[in-house]
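Quick notes on the structure that follows.
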Amino acid sequence: MTENKIALVTGANKGIGKEIARQLAEAGYQVLLGSRDLARGEEAAKDLPGTTAIQLTVTDPASVQAAADRIAAEFGRLDVLINNAAIIPEGDSGVADVGADALRAGFETNVVGLVAVTQALLPLLRKAEQARIVNLSSSLASLAIVGDPSSRMSTVRTVGYNATKAAVNMVTVMLANELRGTGILVNAADPGNCATDMGGWDAARTPAQGAAVAVHLATLLADGPTGTSYAEEGQLPW
Ligand SMILES: NC(=O)c1ccc[n+]([C@@H]2O[C@H](COP(=O)([O-])OP(=O)(O)OC[C@H]3O[C@@H](n4cnc5c(N)ncnc54)[C@H](OP(=O)(O)O)[C@@H]3O)[C@@H](O)[C@H]2O)c1
């Protein structure tokens, strides 16, 4: 068993996930950099001392189980799980126009995949002293924010993304309730609009700024919150 805390970040070969991996490694964590294309994960890990790539496709149950088995065999526990992997499905649109395939694809990766990864790793998270689970969410998931007609977020027509992230918020609250009293804290992080393949390269925030919110929640002390959603400016409304 290593002395370092062990963290797994899904979808960490690029973007905000890669930055979360970098910041956790710099904080002394041994970071497993989940990547559905192992070669791209290994390429990313080369830049990041303290990280190792691991093949992980969140929508493939065999891949999820293989990753959990490897972590069990190598470390026997997991201290931090960052559910970062997500998509904006192709053809995403407003509710009036969205296709069923786009909706299904969004839920398959962003919700079903996230829950599958979490379930596979829960036994190992329970073996850590004070595990942390962080689910990447978005202000586009907030009913309060999107429901405010004066908000810029109310004009974004991506129900296949927004609805899945709202579901991620519910998963976060429910899992926090299920794990209350175990020492495991579960929270959602909104990185803000960051310059990545998903966020658009003209976005104002850097992936490192977005990552910091998730890293903060991953490193909460024992008296930290659970079942909440945080952005850089503080707690977000649901
Ligand atoms: N960027 C923003 O402005 C912003 C704002 C709010 C919230 N977020 C959230 O922050 C997180 C990271 O976003 P990002 O901007 O860094 O996105 P990104 O650059 O598009 O990276 C997404 C990552 O998820 C991986 N991924 C997608 N489907 C997967 C699957 N089935 N199995 C495993 N990995 C999969 C991708 O792998 P491949 O490289 O193989 O495609 C990639 O590594 C997401 O949860 C996103 O919703 C982002």
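The values are calculated or read from the model by the stated rules, or taken from the named source; none is laboratory data. Please read all numbers here as calculations on a predicted model, not as lab measurements. Every residue, glycine as well, gets a Cβ built from its backbone with ideal geometry; the counts of neighbours run over all protein chains shown. With ligands, DNA and RNA removed, areas are computed over all heavy atoms of the protein, side chains included. Shrake-Rupley method; radii C 1.70, N 1.55, O 1.52, S 1.80 Å.
Side notes on the structure shown:
- Condition broken by P207, with the remaining ones in (1) touching a strand residue (DSSP E or B) at 6+ places or on another chain (Cβ under 6 Å); (2) within 8 Å of the ligand (Cβ to nearest atom); (3) within 24 Å of A116 (Cβ to Cβ) satisfied: (3)
- Number of residues in the stretch 210-227 that are open to solvent by 30 Å² or more (accessible area, probe 1.4 Å) and within 16 Å of the ligand (Cβ to nearest atom): the value is 2.
- Residue within the stretch 201-224 that is among the β-branched types (V, I, T), over 25 Å from Q30 (Cα atoms), part of a helix (DSSP H, G or I) and within 14 Å of the chain's Cα centre (by Cα) present: no
- Looking only at residues of the stretch 37-68 that are near the ligand (Cβ under 9 Å from one of its atoms) and outside any helix (DSSP H, G or I), we find that the one that is nearest to K5 (Cα to Cα) is L56.
- Flag if A167 is of a type in the set (G, A, S), open to solvent by 30 Å² or more (accessible area, probe 1.4 Å), under 28 Å from R104 (Cα atoms) and in contact (Cβ under 8 Å) with a residue 60 or more places away in the chain: no
- Any hit, the stretch 24-41, residues being under 19 Å from H216 (Cβ atoms) and open to solvent by 60 Å² or more (accessible area, probe 1.4 Å): yes
- Test for I71: is it more than 30 Å from A204 (Cα to Cα) and assigned to a helix (DSSP H, G or I): yes
- Extreme residue, nearest to P49 (Cα to Cα), among residues of the stretch 4-22 that are more than 9 Å from the ligand (Cβ to nearest atom) and in a helix (DSSP H, G or I): R22
- Unmet criterion (only one of (1) within 9 Å of the ligand (Cβ to nearest atom); (2) more than 19 Å from the chain's Cα centre (by Cα)) for N84: (2)
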